[in-house]
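All remarks here apply to the structure that follows.
The values are calculated or read from the model by the stated rules, or taken from the named source; none is laboratory data. Only a predicted model underlies this, so the values are computations on that prediction, with no experimental measurement involved. All Cβ positions, even for glycine, are placed from backbone atoms using ideal geometry, and neighbour counts span all protein chains on display. When the accessible area is computed, the model is the full protein with side chains, heavy atoms only, and any ligands, DNA or RNA have been set aside. Shrake-Rupley method; radii C 1.70, N 1.55, O 1.52, S 1.80 Å.
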Amino acid sequence: MASYRTPLSRARGLGAAHHGVGHWISERVGAVALVPLTLWGVFGVLRIAAGDYGAAVAWISQPLNAVLMVLTLAIAFWHMHGGLRVVIEDYIHITLNKSALLILNLFVCGLAGALAVFSILKVALGGA
C-alpha cells in the first residue's frame with residue numbers, strides 16, 4: 001500500500017531510533033540525582049575518615065546512611081551503563097563488536113553494581 005506521507009512527516013518527532021528522548025531524559029535524571037547523593041557521600045567520607053574501621057561500620061550500619069549509599073551506587077552504576085552504552089553506539093561501527101561490547105557493558109556494570117550493593121548490605125546488616 002502506498003503512503004502519501006513525506007519522509008519528513010513520517011520521521012518528525014521520533015528521531016532515528018524512535019526512543020532518543022527517553023535515553024536523554026534518563027541520563028539527565030541520573031546526573032541530577034547523583035549531585036546531592038555525591039555531596040552527601042563526600043560529606044560522609046570526610047566524616048568517617050578521622051575514625052577507625054569500627055566507626056565506619058557504625059556509620060554505614062545506620063539505616064539512612066545504608067539506604068543512601070545503596071541508592072548512590074545503584075544510580076551511579078545505572079548512569080555509567082547508560083553513558084558507556086551511548087559511547088559504544090556512537091563510536092563502534094562493526095555490528096558484531098558493538099553487540100558484544102553492549103552485552104559486556106551490561107554484565108560488567110550489573111555485576112559491579114550488585115557486588116557493591118551486596119557489600120554495603122552485608123556490612124550494614126552486621127555480617128562483616
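Answer yes or no: is there a residue in the range 39-48 that is small (Gly, Ala, Ser), closer than 15 Å to ALA66 by Cα, out of contact with any Leu (no Cβ under 6 Å at 6 or more places or on another chain) and open to solvent by less than 100 Å² (accessible area, probe 1.4 Å). There is at least one residue in the range 39-48 that is small (Gly, Ala, Ser), closer than 15 Å to ALA66 by Cα, out of contact with any Leu (no Cβ under 6 Å at 6 or more places or on another chain) and open to solvent by less than 100 Å² (accessible area, probe 1.4 Å). Given (1) without any contact (Cβ under 8 Å) to a residue 60 or more places away in the chain; (2) out of contact with any Gly (no Cβ under 7 Å at 6 or more places or on another chain), identify the lone condition not met by GLY126. So GLY126 meets the others, but not (1).
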